[in-house]
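The values are calculated or read from the model by the stated rules, or taken from the named source; none is laboratory data. Bear in mind that the values here come from a model prediction, so they are computed numbers and not experimental data. Please note: Cβ atoms are built from the backbone with ideal geometry, for glycine as well, and neighbour counts cover all protein chains shown. Side chains included, ligands, DNA and RNA excluded: accessible areas come from the protein's heavy atoms. Shrake-Rupley method; radii C 1.70, N 1.55, O 1.52, S 1.80 Å.
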Amino acid sequence: MRNSFYVTTPIYYPSGKFHIGTAYTEVLADSIKRYKQLRGYDAYMLTGLDEHGQKVETVAKSRGLTPKEHVDEIADYAKKLWALMDIDYDDFIRTTDERHEKAVEKIVNKFIENGDIYKGEYEGWYCMPCETYFTESQLVDGKCPDCGREVKKMTEESYFFNMKKYEDRLIKFYEENPGFVQPEFRKNEIFSNFIKPGLEDLCISRTTFDWGIKMPNDPKHVLYVWVDALTNYITALGYMSDDDTLFKKYWPADLHIVGKDIIRFHGIYWPIFLMALGLEIPKEIYAHGYIVMKDGKMSKSKGNTVQPEMLVERYGVDATKYFLLRELTFGQDMVFTPEGFVERLNADLSNDLGNLLNRTIGMINKYFDGIIPEKQKDNENEIDKNLENYTNEQLIKIEELLDTYHISNGLMEIWAIIARTNKYIDETMPWSLAKEENKERLSIVMYNLAENLRKIAILITPFLPKTANKMFIQLGITNSEQKTWDSIKNATIESGVKVIEKGEPLFVRLEKDVEIEYIRNNMK
Ligand code: MSP
């Protein structure tokens, strides 16, 4: 049986259209799923929407819709957007799904049976947009530490989850699983800010709004946010339902991908809920950084929001994905600029990758009537061997990086192979070999170029699947055994196969000024 791999995205708030920050999380999860699949795993990806809560109720009202009408619309939008972005998710959970609501009730009942929940009075500083209470000491300049907005002092009757009861177990879990939260600096933040000072019990119910799952024992209380939201990762697999096949197969999750703002909830409350349910804890939580603009956060009021559909429709899905995956390095924030976007696409996609394929296809057509020449390993010289050794060494590095989800660094190393292969053309000067009528050298060089392009196409498959496919077609590779990850090492490109006569460029070169202007004018 194949090893399973379960990756999740956060479930997004359906407050409006998504920006490229949300799209990044989705693209990252999709690419990791595809990578794992290519490495032979039975990979499963979950995404969805976090549809309850006061904020949704408010937004719907302002639009003259019921909450249900509003979330249905956004769910439709989200599914269309992910289809446009070629996201290969396996399930889309909505917290308003009956399957979720039913399971959450059972989960809460289990907490009640365990004695994990008690009724109390909550007084705290509440941030409406974040739907989060903060203690006095957590506020930054009297404002919300997450979003910087005003907070309100509120007191209400609430149910609490007894977090303190699990504190020692949580600390022990972290000691035994030092890699649980990535990057490590995020784990250290959780520790020093929340675990060391002592865990606060978590308020899990509200009486001030309606749009949510009712507390089973006390329906004037509505569950608010984190019990409802976090449990999506298990309810989607059928936990507490009649059919829990998927749960048995995929739980515990291998990877929860989250933004840095919600790492606290995933790193503290989620493991504790799971302990309370007697379930295994996920293997890893990866917190990525934020996409910000030069003038700070993206926001509609500033009109500096970049919507993914705008980029995808004009530049293509692979180019947009590549940009996001390449520019956000492990756990760090990234400043989006239209200049940076256009430059990255031109340099890496149109120049480095596009030209390498184009030149190679052109030369194979010109010198060998489009037929990939015979492989002649015995006649290879130092230059050829250098290229091969370099590529093999890179592969080891790339696997290490991708296995630890360092996608940006992995892409950098893949592009180093592309640069090295371009350099091989300069070193071997095929045009001179043609002039000298040195057919033997020329055929070795063409063979090696085609072979490295095959390897490159495989390496980029999880990240730029459409582009990889176009490369296979242009190179005349139809045999699926030539496209597997293992075939990077275990196979070589077939000789005698015909490449395309005139391939379309993979990526058109962008007119810098025009495109910068275009992106700027289309921010919302
Ligand atoms: N509903 C909660 C998550 C519950 S998960 C059990 C939520 N939703 S959200 O819509 O506000 O955010 C969804 C994700 O998008 C979060 O991981 C958040 O970090 C991410 N991002 C929001 N803005 C972002 C950027 N500007 N850049 C990158 N990611 C960003 O939180």
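Annotations
- Some residue of the range 228-236 being more than 16 Å from the ligand (Cβ to nearest atom), open to solvent by less than 10 Å² (accessible area, probe 1.4 Å) and of a type outside the set (Ser, Thr, Tyr): no
- Residues of the range 194-233 classified as closer than 21 Å to Asp261 by Cβ, of a type in the set (Phe, Trp, Tyr) and part of a loop (DSSP other than H, G, I, E, B), total: 1
- Some residue of the range 245-261 being assigned to a helix (DSSP H, G or I) and within 16 Å of the ligand (Cβ to nearest atom): yes
- The helices (runs of 4 or more DSSP H) found wholly in the range 413-490 and carrying at least 3 residues that are more than 27 Å from the chain's Cα centre (by Cα) and in contact (Cβ under 8 Å) with a residue 12 or more places away in the chain occupy 430-435, 439-460.
- Top-ranked residue in the range 282-315 [being of a type in the set (D, E, K, R) and under 23 Å from Ala229 (Cβ atoms); ranked as farthest from the chain's Cα centre (by Cα)]: Lys297
- Output for the range 1-32, where each listed residue is more than 9 Å from the ligand (Cβ to nearest atom), aliphatic (A, V, I, L, M) and farther than 18 Å from Leu325 by Cβ: Met1
- Qualifying position, being in a loop (DSSP other than H, G, I, E, B), in contact with a helix residue (DSSP H, G or I) (Cβ under 6 Å, 6 or more places away or on another chain) and within 26 Å of Arg169 (Cβ to Cβ), among Met240, Met275: Met240
- Residue pairs meeting the criteria (Cβ under 7 Å; at least 6 apart or on separate chains; first free of Cβ contacts under 8 Å to residues at least 40 places away in the same chain, in the range 128-141; second in a strand (DSSP E or B) and not small (Gly, Ala, Ser)): Phe134/Trp125; Phe134/Cys127; Glu136/Trp125; Leu139/Trp125
- Set Thr47, Thr58, Thr95: member being within 16 Å of the ligand (Cβ to nearest atom) and farther than 20 Å from Thr208 by Cα: Thr47
- Asp348 falls short on exactly one of the conditions (1) over 30 Å from Trp431 (Cβ atoms); (2) in contact (Cβ under 8 Å) with a residue 40 or more places away in the chain, and that condition is (1).
- Within the range 210-223, the residues that satisfy the criterion of being open to solvent by 10 Å² or more (accessible area, probe 1.4 Å) and in contact with a strand residue (DSSP E or B) (Cβ under 7 Å, 6 or more places away or on another chain) are Asp210, Gly212, Lys214.
Condition check ((1) in contact with an Asp or Glu (Cβ under 7 Å, 6 or more places away or on another chain); (2) more than 30 Å from Met1 (Cβ to Cβ)) across all residues:
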site: Gly179; (1), (2): yes, no
site: Lys196; (1), (2): no, yes
site: Ser205; (1), (2): no, yes
site: Ile234; (1), (2): no, no
site: Trp270; (1), (2): no, no
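- Subset of the range 250-281 that is within 19 Å of the chain's Cα centre (by Cα) and of a type in the set (Phe, Trp, Tyr) - its residue that is modelled with the lowest pLDDT: Phe265
- Subset of the range 277-321 (residues that are under 21 Å from Ala347 (Cβ atoms) and away from the ligand (no atom under 13 Å from the Cβ)): Lys294, Leu311, Val312, Arg314, Tyr315, Gly316, Val317, Asp318, Ala319, Thr320, Lys321
- Residue that is surrounded by the fewest Cβ atoms within 10 Å (Cβ to Cβ), among those in the range 279-327 that are among the hydroxyl-bearing types (Ser, Thr, Tyr) and under 30 Å from Lys466 (Cα atoms): Tyr290
- Verdict on Asn351 being closer than 25 Å to Trp415 by Cβ, in contact with a Pro (Cβ under 8 Å, 6 or more places away or on another chain) and part of a helix (DSSP H, G or I): no
Each row is one residue, and each column tells you yes or no for (1) assigned to a loop (DSSP other than H, G, I, E, B); (2) open to solvent by less than 20 Å² (accessible area, probe 1.4 Å).
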| residue | (1), (2) |
| --- | --- |
| Gly21 | no, yes |
| Thr25 | no, yes |
| Leu28 | no, yes |
| Arg34 | no, no |
| Gln37 | no, no |
| Ala43 | no, yes |
| Thr47 | no, yes |
| His52 | yes, yes |
| Val56 | no, yes |
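- Odd one out for Lys375 among (1) surrounded by fewer than 19 Cβ atoms within 10 Å (Cβ to Cβ); (2) assigned to a helix (DSSP H, G or I); (3) basic (Lys, Arg): (2)
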